[in-house]
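The values are calculated or read from the model by the stated rules, or taken from the named source; none is laboratory data. Because the structure is predicted, anything quoted here is derived from the model rather than measured. Note: ideal-geometry Cβ built from the backbone for every residue, glycine included; neighbour counts use all protein chains shown. When the accessible area is computed, the model is the full protein with side chains, heavy atoms only, and any ligands, DNA or RNA have been set aside. Shrake-Rupley method; radii C 1.70, N 1.55, O 1.52, S 1.80 Å.
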Amino acid sequence: FMKLEIIISDEAALHAIYLCKGSSGLKPCFLCQNIFDYKRNARGIVERDASGVAQYHCCSDASKLVLHTPDTLSAIVRRLVAAATTMSRADFAELQTRLGWNHTFGSLMLNGRLRSLCDPSKHACFDWMHVYFVSGIFNVHAGQLMSALREYGVSYEKLCQYVSGWHWPSRLGVVNAADVFGKKRAKASWEAGTLKATASEGLSLLPVMANFLNAIAEQAESETLKAHVSCFLQLAQIIGVIMRSSRVAVDPAALERTICSYLSAFQALYGPDSMTIKFHFSLHFPAFLRRWRILPNCFVHERKH
């Protein structure tokens with residue numbers, strides 16, 4: 001017999017498995033009861049909540065998350081089942097939006113037996129590779145950082161020259177800085193405001209970029225420039241800790257403090273509009289680490305495809 005422990009994938013696959021509204025919904029995180037998409041703040045849900053329970057996804061305080069439990073998820077399912085035959089189509093669509101879950105016949109969530117075996121509050125896990133490196137936090141942060149440092153004379157061209165001087169072990173393959181920071185991709189990165197790089201490229205380049213920025217900060221007089229560099233170095237530290245968790249024991253509380261500090265610093269520098277839903281997903285990694293003691297990833301599966 002086997003016992004299911006972790007269902008790990010990117011957000012789109014978790015959405016397909018559980019049929020939650022996902023990142024396109026009003027409540028983008030299917031693990032949280034009280035998180036709302038900041039970019040849908042026209043409804044004013046957080047502002048009108050006098051209790052302070054409701055939070056936008058750009059919240060950087062993990063203690064404010066109200067997590068789903070098997071009981072709360074069962075209550076949502078019962079509410080949807082009861083309303084499916086009594087509400088108008090428009091009202092029922094609005095109810096699904098407010099609850100953050102779709103009502104689809106034959107779905108896992110509507111099957112009590114399957115839900116007990118695969119309950120997302122117990123078994124679902126975001127893949128940190130996708131959260132950080134697939135149009136993720138690293139890509140967004142690098143793009144915002146380079147845009148901010150442009151006035152200090154820091155460009156993708158200079159970064160390309162610096163990275164080109166490094167050589168990676170042959171077992172990792174060839175990291176071609178000219179591809180990532182060259183004119184063609186740099187132009188796309190400038191326009192999009194996010195770094196165009198694959199997950200493997202991002203993972204390989206992160207420590208070298210951190211070294212490059214640290215050298216700039218040591219010679220800088222601007223406190224603003226130092227703040228930008230410090231925030232990026234926090235990101236590098238977080239990813240380093242997550243990677244070490246597969247080899248040595250890592251303190252979840254320390255990881256949580258670092259992630260919360262990083263999210264707060266990022267928001268102060270670049271604003272909540274720059275924070276995608278993946279920034280919120282990162283707040284769940286300390287809890288995953290407490291539960292499973294490691295933080296697995298899907299790098300191997302992506303390389304296979």
- Task: Taking trypsin sites (Lys or Arg not before Pro) as candidate sites, keep only those in a DSSP loop with at most 12 other Cβ atoms within 10 Å, then name the longest stretch of the chain containing none of them.
- Result: 4-246
- Probe 1.4 Å, all protein chains in place: accessible area of F36 in Å², nearest 10? 30 Å²
- Sequence of W128, W190 from largest to smallest accessible area, 1.4 Å probe: W190, W128
- Task: Using a 1.4 Å probe over the heavy atoms of the protein chains, calculate the carbon and sulfur portion of the accessible area of the chain as a whole percent.
- Result: 53 percent
- Task: Give the cysteines in the chain for which no other Cys Cβ lies under 4.7 Å away, or write none if there are none.
- Result: C20, C58, C59, C118, C125, C160, C231, C260, C298
- For segment 12-128, Rg(Cα) over 2.2 N^0.38 Å is 1.06
- Once the principal axes of the Cα atoms of segment 113-195 are found, what is the range along each, listed largest first in whole angstroms? 58, 34, 19
- Give me the distance between the Cα centres of segment 255-305 and segment 80-129, rounded to whole Å. 25 Å
- Return the aspartates and glutamates within reach of K27: Cα separation strictly under 20 angstrom, same-chain partners fewer than 8 residues apart disregarded; answer none if there are no such residues. D10, E11, D37, E47, D49, D61, D71, D91, E94, D119, D127, D273
- Along each principal axis, Cα extent of segment 171-305, largest first, Å: 43, 40, 29
- For segment 171-220, the Rg and Dmax computed from alpha carbons only, in angstrom: 12.2, 36
- With every protein chain present, what is the per residue accessible area of segment 171-251 (1.4 Å probe, Å²)? 52 Å²
- Mean projected area (nm²) from the convex hull of Cα positions in the chain is 18.8 nm²
- Query: Kirkwood hydrodynamic radius (Cα pairs, Å) of segment 258-305?
  - Reply: 12.6 Å
- Charge tally in the Cβ shell below 15 Å around W166, where Lys, Arg are +1 and Asp, Glu are -1, W166 excluded: -1
- Expressed in Å to one decimal, the Kirkwood Rh of segment 17-83 from all distinct alpha-carbon pairs is 12.8 Å
- Message: Here is the link list: K64/K158; K187/K226; K122/K196. Which ones come out longer than 31 Å on Cα distance?
- Response: K64/K158; K122/K196
